[in-house]
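Here the structure is laid out as C-alpha cells; the discussion comes afterwards.
The values are calculated or read from the model by the stated rules, or taken from the named source; none is laboratory data. All figures in this text were calculated on a predicted structure; none of them were measured in a lab. Neighbour counts run over all protein chains shown; Cβ positions are idealised from the backbone, glycine included.
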Amino acid sequence: MLEEGARSEGLVIVTRVSLAEAHREDPIPGYEFRIPVLGLTHEEVARKYRGFDGAFWHGPWGGRDWESEYGFLPETGIGDLGQYEQIKEILARDFGPDADLICFGGTEALSGLPAGFAFVGYDFGYYGSARGYYSVLYNEVIYGLIRAMREFGDFLNENLLLSSVAEAERLDAVRSRLLEEGADLETSSDEWYAIGVWLYAGGDGALR
C-alpha cells in the first residue's frame, strides 16, 4: 500500500548533472548501460527532471560540505521553511544555473510556502536525510532496466514527474508485484510514497 506522503516538508538545493557526466567522473557500476526513457538524452534528463534525486547542497564529486558550511541546517540536512531566506541567499551565492532550490513534502498543498515556488509534480520514493534518499522515478523509471517500470515514462509530465497521486499508486502497485516476483529493485526502505515537489522559480513564480 502506498504510504501517505513524506514525513515533513523540507528545503534543499539540488545540483543537476547528467548521468553520462557523473559516470565519467566517478564510474557507477551498471549505469554505463542505462538509456533514458522517451528517447531522451542524459543531458535532457538533467535539464528537465525536477524531482529530489541529485546532489544535495554540493556538486556530485565532493565540493561543499553542508555539515560544516551550513551549520544552521538541521541534522538531516533538510532545511525548514523558516530558513528560506538563508537558503535562498546560499543558492545565489554558492551555486550556478545547474542547481535548483526545491521544497518537497506530502501529497497536500503546503501552507506557508514562500512566494516564488511553483508545483511541478510528484516524485516517488523516500527520503530521510541529505545522505539518505532514493527516487524510484529517476532510478527505476527514467533510467530503469525493467520494461514494466519504464512504461511509466508515458505518464511523466514536462518535469519528468507524475501529475497525480493516482499515478503514483499505480506505480507502487506494479512495483510491489514485481518485487514479489523477485525483480531486482531497490529494497533499502520499508516505506515508499508520493512526494510533492515545488520548484523555486524566482519572485514571479515563472519556471525557467
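General observations
- Scanning the stretch 79-137 for residues that are among the hydroxyl-bearing types (Ser, Thr, Tyr) and assigned to a strand (DSSP E or B), we see that the one that is surrounded by the fewest Cβ atoms within 10 Å (Cβ to Cβ) is Ser129.
- Conditions (1) closer than 22 Å to Gly54 by Cα; (2) buried (at least 19 other Cβ atoms within 10 Å of the Cβ); (3) touching a residue at least 24 places away in the same chain (Cβ under 8 Å); (4) of a type outside the set (A, V, I, L, M): number failed by Phe152: (3)
- Members of the stretch 138-159 found to be at pLDDT 95 or above, outside any helix (DSSP H, G or I) and closer than 20 Å to Glu191 by Cα, listed by number: none
- Qualifying position, being under 27 Å from Leu40 (Cβ atoms) and out of contact with any strand residue (DSSP E or B) (no Cβ under 6 Å at 6 or more places or on another chain), among Gly144, Gly82, Gly128, Gly182: Gly144
- Close pairs (9 angstrom Cβ cut-off, 6 or more residues apart or separate chains): farther than 19 Å from Lys88 by Cα in the stretch 106-119, surrounded by 14 or more Cβ atoms within 10 Å (Cβ to Cβ) and among the basic types (Lys, Arg) anywhere: Gly106/Arg7
- Residues of the stretch 82-134 classified as farther than 22 Å from Tyr70 by Cβ and basic (Lys, Arg), total: 0
- Residues (under 25 Å from Ala118 (Cα atoms) and either touching a Leu at 6+ places or on another chain (Cβ under 6 Å) or outside any loop (DSSP other than H, G, I, E, B) (or both)) located in the stretch 173-201: Tyr193, Ala194, Ile195, Gly196, Val197, Trp198, Leu199, Tyr200, Ala201
- Selected residue (criterion: modelled with the highest pLDDT) from residues of the stretch 13-59 that are in contact with a helix residue (DSSP H, G or I) (Cβ under 6 Å, 6 or more places away or on another chain) and of a type in the set (Ser, Thr, Tyr): Ser18
- Some residue of the stretch 164-180 being over 16 Å from the mean Cα position of the chain (by Cα), surrounded by 14 or more Cβ atoms within 10 Å (Cβ to Cβ) and under 22 Å from Arg16 (Cβ atoms): no
This table checks each residue for (1) touching a Ser or Thr at 6+ places or on another chain (Cβ under 6 Å); (2) among the hydroxyl-bearing types (Ser, Thr, Tyr); (3) on the phi < 0 side of the Ramachandran plot.
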| position | (1), (2), (3) |
| --- | --- |
| Arg93 | no, no, yes |
| Gly105 | no, no, yes |
| Ala109 | no, no, yes |
| Gly112 | no, no, no |
| Ala115 | no, no, yes |
| Tyr127 | no, yes, yes |
| Arg131 | no, no, yes |
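- Residue count for the stretch 134-163, restricted to those that are closer than 21 Å to Glu181 by Cα and either aliphatic (A, V, I, L, M) or over 13 Å from the mean Cα position of the chain (by Cα) (or both): 13.
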